[in-house]
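Report on the structure given below.
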Amino acid sequence: MLRPRPTATREQLNLDGLWRFSLDYAGGPLDGTLEAAVPASYNDLFTDPAIRDHVGWVWYQRTVRVPRGWAGERVFVRVDAATHRGRVYVDDIAVAEHAGGYTPFEADVTDLVRAGEEFRLTIGVNNELTEVTIPPGTVTMGQDGRPRQSYQHDFYNYAGLHRSVWLHSVPEVHITDVTVVTALDGTVSYEVATSADAEVRVRVLDDTGAQVAVGENGVAKIDDPIWWRPGAGYLYTLVAEIDGRDVYEQPFGVRTVEVRGAEFLINGEPFYFTGFGKHEDTPVRGKGHDDAYLVHDFQLMNWIGANSFRTSHYPYAEEVLDFADRHGIVVIDETAAVGLNLAIVSGLTGAPPRPTFSPETFGDETRAAHARAVTELIARDKNHPSVVMWSLANEPASNEDGAREYFQPLVELARTLDPTRPLTYSVVMFATFQNDKIADLFDVLSINRYYGWYVAAGDLAAAEQYLEGDLRGWVATFGKPVMMSEYGADTMPGLHAVWDTPWTEEYQAAYLAMNHRVFDRIDEFVGEHVWNFADFQTSHGIHRVDGNRKGVFTRDRRPKAAAQELRRRWRGLDGGKPSR
Ligand code: BDP
């Protein structure tokens, strides 16, 4: 889905700000005096627990005046993210509904609005996670008659309008999609879709706006192209034009990605990932996008020497990927399929886990939702040079029966939608190189392991042995590139000890150093993503003290001691730079 961009033929009005807010909507103006910020999660804005713990629909409303000059144009409302389900009304007419909390949707409202006049825009947002949503969860009815939400991931189920809302205009006949694929010699293959039969002209501009190529029959050739590289995000612009009627400008980079043997190649050169699994998570805003945190997080990643991150555990705001494109940061782009694993929840209840993949648990309907999530992710992000790999799921029960039947069609779908990027998934602890049923379907094996934390806590010597045996098993069994997509230890800033004591700052540093010793002994290793960039909020529970504290930075982005250690390693300050 094209990101709205202002061009000579397209305009847009940003609708962010304060909206009226209510738990109820019966048509017409919303009752009450509450106002909510957009973009933001609504959960932490208010003091009333009935709002924070609400399960179901909430409602946002504002009036919008259509710009005077838009007469004759098609007018769309675009919602960048309504987590997890959104419903849009113009006055009281429903115009769009969308499932999936981290990908955009829009409604053509041309016939319902008039240039120069106002309308009432109402957006319902539903936070329920069920067996057929991505991510999945369970809603049960409490004895007090209130619904309760549970789910298989630790991060808090923030909800709301997490990203911008737009009103935008396009001409009657317009460009509806652009796909760009590049080769290192400067060959740019493109496809442009239009709303009606129309001839499309294509030119390519460099970053000064100078024309460097003209398209013909789906191909444009840039002479002596400047490659998009990790650390140097050079961008060209593909300008697609329907003769004087519509213009769309699509940024892109000239770069290739390839898996060869046990190597991950960007532009034909081996690439070693350094960085983090992240979250969209900040105080008060929850999962609301914020440009200040965006800039600061990228500054910190640069400071520490991270060349990449994974959008754990859902697609991030498009602003984030645009920024990564411009600054040469490499991204592993993940769907919101986190928690397809019922073994994770059996925990303290003593109940034997139910099978994850079955008609009663996660079956065809879940997979259909997952397929939509894959489709929408690739449709949204296919032109970002920063995105080098799709992650189809985090920690699915890939060791259980039914996993292969569940994942094979999704892998095939992703390969059809994008034959150019490798695929991965993050492998849960219980899935070993001996019992995993899907690893051979994927290109890169991304391993989540917590030896020294959930296993062998406080015993880094034992942890080191377990880890090495485990990783070598994956390398030897599959002959594919292997990277660590999660390793980390909860750490309370300010807690210190001279021994290997979990939760101390010294322990986090020692834990990471232990992992790095192992990685450096394995030649086939292609990268390390620490869990997590920053502390983040989690759901209520006894396993977390005000959130997950595995951050290398605190939730307000102050470095813990391990940050300095990572910086020395990743910036090569003590000669140990992990590039091969
Ligand atoms: C992994 C999950 C991640 C959690 C992490 C942890 O992929 O989302 O936050 O464990 O427990 O299982 O810290």
Only one of 120, 146, 163 is of a type in the set (D, E, K, R) and buried (at least 23 other Cβ atoms within 10 Å of the Cβ); which?
163
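Within the stretch 318-332, identify whether any single residue is within 16 Å of the ligand (Cβ to nearest atom), modelled with pLDDT of 95 or more, within 30 Å of residue 270 (Cβ to Cβ) and touching a helix residue (DSSP H, G or I) at 6+ places or on another chain (Cβ under 7 Å), and answer yes or no.
no
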The lone exception for residue 120 - which of (1) modelled with pLDDT of 95 or more; (2) charged (D, E, K, R); (3) not in a strand (DSSP E or B) it fails
(3)
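Rundown of residues vs (1) without any contact (Cβ under 8 Å) to a residue 60 or more places away in the chain; (2) within 25 Å of residue 308 (Cα to Cα), yes/no style:
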residue	(1), (2)
454	yes, no
472	yes, yes
475	no, yes
487	yes, yes
494	yes, no
522	yes, yes
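Please work out if residue 469 is surrounded by fewer than 18 Cβ atoms within 10 Å (Cβ to Cβ) and at pLDDT 95 or above.
yes
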Can you spot a residue in the stretch 355-362 that is within 16 Å of the ligand (Cβ to nearest atom) and at pLDDT below 90?
no
Here the qualifying pairs (Cβ atoms under 6 Å; residues six or more apart or on different chains; first in the stretch 104-123 and more than 21 Å from residue 161 (Cα to Cα); second charged (D, E, K, R) and surrounded by 15 or more Cβ atoms within 10 Å (Cβ to Cβ)) come out as 110/74
Could you check residue 500 against (1) more than 16 Å from the ligand (Cβ to nearest atom); (2) more than 30 Å from residue 259 (Cα to Cα); (3) assigned to a helix (DSSP H, G or I) and say which number it fails?
(3)
If residue 184 meets every condition in (1) surrounded by fewer than 20 Cβ atoms within 10 Å (Cβ to Cβ); (2) in a strand (DSSP E or B) apart from one, which number is that one?
(2)
I need the full set of residues from the stretch 156-179 which are in contact with a Ser or Thr (Cβ under 6 Å, 6 or more places away or on another chain) and either at pLDDT below 95 or within 16 Å of the ligand (Cβ to nearest atom) (or both), in order please.
156, 158
I'd like the full set of residues that are crowded, with 20+ Cβ neighbours inside 10 Å and either within 14 Å of the ligand (Cβ to nearest atom) or touching a residue at least 60 places away in the same chain (Cβ under 8 Å) (or both), limited to the stretch 127-136.
127, 133, 134, 135, 136
Check the stretch 482-495 and report whether any residue there is buried (at least 23 other Cβ atoms within 10 Å of the Cβ), farther than 26 Å from residue 284 by Cα, in the same structural domain as residue 446 (by TED's automatic domain parsing) and more than 16 Å from the ligand (Cβ to nearest atom).
yes
Residue that is nearest to residue 522 (Cα to Cα), among those in the stretch 475-497 that are of a type outside the set (A, V, I, L, M), touching a helix residue (DSSP H, G or I) at 6+ places or on another chain (Cβ under 6 Å) and outside any loop (DSSP other than H, G, I, E, B):
478
So if I check each of 44, 24, which one is in a loop (DSSP other than H, G, I, E, B) and more than 22 Å from residue 97 (Cβ to Cβ)?
44
Scanning the stretch 441-460 for residues that are part of a loop (DSSP other than H, G, I, E, B) and within 11 Å of the ligand (Cβ to nearest atom) gives 449, 450, 453, 454
So for the stretch 514-530 (the condition being within 15 Å of the ligand (Cβ to nearest atom), more than 23 Å from residue 284 (Cβ to Cβ) and in contact with a Ser or Thr (Cβ under 6 Å, 6 or more places away or on another chain)), does at least one residue qualify?
yes
Picked from the stretch 350-377 (must be surrounded by 21 or more Cβ atoms within 10 Å (Cβ to Cβ) and β-branched (Val, Ile, Thr)), the residue nearest to the chain's Cα centre (by Cα) is 374
Can you name every residue in the stretch 416-433 that is assigned to a strand (DSSP E or B), of a type in the set (A, V, I, L, M, F, W, C) and either in the same structural domain as residue 181 (by TED's automatic domain parsing) or within 16 Å of the ligand (Cβ to nearest atom) (or both)?
427
Residue that is nearest to residue 277 (Cα to Cα) [pool: residues in the stretch 542-562 that are charged (D, E, K, R) and within 13 Å of the ligand (Cβ to nearest atom)]
550
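The values are calculated or read from the model by the stated rules, or taken from the named source; none is laboratory data. Remember, it's a predicted structure, so these values are computed and weren't measured experimentally. A quick note on method: Cβ atoms are made from the backbone with ideal geometry, for glycine too, and the neighbour counts reach across all protein chains shown.
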